[in-house]
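Q: What follows is a structure written as structure tokens; I'll ask about it next.
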Amino acid sequence: MISLNVDVGAFEVPGGALAVVLSPDAGHVVATGPLGYALWRRSDGRTTVRESVGPGGGRRLGRRTRVAVASGRRALVPDADRGELWRTEPAASPLTDLAWMRQGRRLAVAA
């Protein structure tokens, strides 16, 4: 169990939450589900909820101050202010796994 000593409050994830992950710096929490994700930012308590654009659900993986989410056939890095920092081109099929490369600058995806 990880204690942030901060009240995250409550939020709904489209389709219900299947997984929750904390970013390595404890600055973000992301909850993913079959129809979308919710991103909470510790610095100001802001929560951003997004629906997935395709089938498939959320996989998540923390890296330093960010998390990556598999959303259907794309991987994306959500941001509470801008919605998304970036997203991949669509894969041939729904993504099944994500992994940050050692330097933390590239994301490997499996479909």
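Just so you know, all these numbers are worked out from the coordinates, no wet-lab data involved. Treat the numbers as computed from the prediction; the structure is a model and nothing was measured. Positions of Cβ are backbone-derived with ideal geometry, glycine not excepted, and every protein chain shown enters the neighbour counts.
Q: Tell me which residues come under 5 Å, amide H to amide H, from ARG73 once H is placed; ignore anything under 5 positions away on its chain.
A: Excluding prolines and chain starts, which carry no amide H, the hits are LEU95.
Q: Modelling each spin label as a point 7 Å along the Cα-to-Cβ direction, I'd like the ALA108/THR47 distance in nm, to one decimal.
A: About 3.5 nm, to one decimal.
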